[in-house]
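Below is one structure; the comments refer to it alone.
The values are calculated or read from the model by the stated rules, or taken from the named source; none is laboratory data. Every value quoted in this text rests on a predicted model; they were computed, and no experiment measured them. A quick note on method: Cβ atoms are made from the backbone with ideal geometry, for glycine too, and the neighbour counts reach across all protein chains shown.
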Amino acid sequence: MTREATTRDATGDTATGSAPAGAAPADSAGTGSAQAERNGLAAPPPEAAVELELAGVSKVYQTRRGVVEALKDVDLSIQRGEFISLVGRSGCGKTTLLRILSGLLPPSSGSVLAGGQSIWRGANRDDEALKRFGLVFQEANLFPWFTVAENIALPLKLRGVGKAARRARAAELCQQVGLQGFEGAYPRELSGGMRQRAAIARALSYNPSILLMDEPFGALDALTRDKMNLELQSIHAAAGATVVFVTHSITEAVFLADRVVLLTPRPGRIRSVTPVPLPRPRSLQAQSSAQFQAIVRDLRIQLDEES
């Protein structure tokens, strides 16, 4: 059986074709990274260790109005340390996919592997496999009666880590995310961007290998959002975690990602996987480059076609 998959390069050109099961990956010219088609799987370079793998993931909801198909046959491989952005129109299943990855929502069919270990067995999740995940949502959801350091260290406290080790880790993470000097502050004393930094630090407290982020900067003003994008680049580089990042902003998706995954409207399928071969670290000036603009323009064209 074959499936048709589309990979887009940095200039917006497309290469479309059918590959038989087990076909060898092929390099995508001009992108600096190998892209593969294998049973419809949007695969990373063959030499890279795969951190996350989704195969045939579908999600169906039963509602009073009938069956709603949110996701259908999503196949995606994500390599260790890679930054993936998920984009698509509202209702395309981005958040549903992230909830399946995070163990909050079981898939109706298909498999999800983290480090080769299945995180779902039917409707039951494997809590051991999920220990490698950190979650960051649009709202920081900090406990108002805890200080910044206490909020950051809370996952460690729940895991039975001693007070001295928790304090040391919180101080280390405050330094990493730019909150040094605010360890003793309470959430109400912080700006929106600072609260989100604390939420990211909390998610990193136990050294997860995978960080799932659902529009974490969506509620911030444009200037703060730009600053947080720069901060997230540094945090990602320092932590070395694999990141799956949901956003409605194409510019943000391209700026942050190694690859941008575009989902179709409901039911959500992978329409394309676009490499972003821009060097890191990226400054805001990178958004003005012809290469960056070409990637953004191509993704916008695809979104318009989906409408």
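Across segment 138-152, the number of residues qualifying as at pLDDT 95 or above and either more than 14 Å from A201 (Cα to Cα) or over 23 Å from the mean Cα position of the chain (by Cα) (or both) comes to 8.
What are the residues in segment 265-302 that are surrounded by fewer than 19 Cβ atoms within 10 Å (Cβ to Cβ), of a type in the set (D, E, K, R) and more than 24 Å from S234 (Cα to Cα), if any? Result: R266, R297, R300.
Kindly provide the set of residues from segment 107-123 that are assigned to a loop (DSSP other than H, G, I, E, B) and among the small types (G, A, S), ordered by number.
First, pick out the residues of segment 107-123 that are assigned to a loop (DSSP other than H, G, I, E, B): 107-108, 115-116, 119, 122-123.
Result: S108, G115, G116, G122, A123.
Selection of first residues in segment 134-148 that are surrounded by fewer than 19 Cβ atoms within 10 Å (Cβ to Cβ) and of second residues that are outside any loop (DSSP other than H, G, I, E, B) and charged (D, E, K, R), restricted to Cβ pairs under 8 Å at least 6 apart or on distinct chains, gives the following pairs, ordered by first then second residue: Q138/D214; F143/E150; P144/R188. Taking into account only those residues within segment 251-264 that are assigned to a loop (DSSP other than H, G, I, E, B) and not β-branched (V, I, T), which is surrounded by the most Cβ atoms within 10 Å (Cβ to Cβ)? Here the residue is A257. Per the listing L130, L135, L104, L86, the residue uniquely part of a strand (DSSP E or B) and more than 13 Å from L54 (Cβ to Cβ) is L135.
Check segment 162-169 and report whether any residue there is touching a residue at least 24 places away in the same chain (Cβ under 8 Å), surrounded by 14 or more Cβ atoms within 10 Å (Cβ to Cβ) and assigned to a strand (DSSP E or B).
The answer is no, given that none of the residues of segment 162-169 is touching a residue at least 24 places away in the same chain (Cβ under 8 Å), surrounded by 14 or more Cβ atoms within 10 Å (Cβ to Cβ) and assigned to a strand (DSSP E or B).
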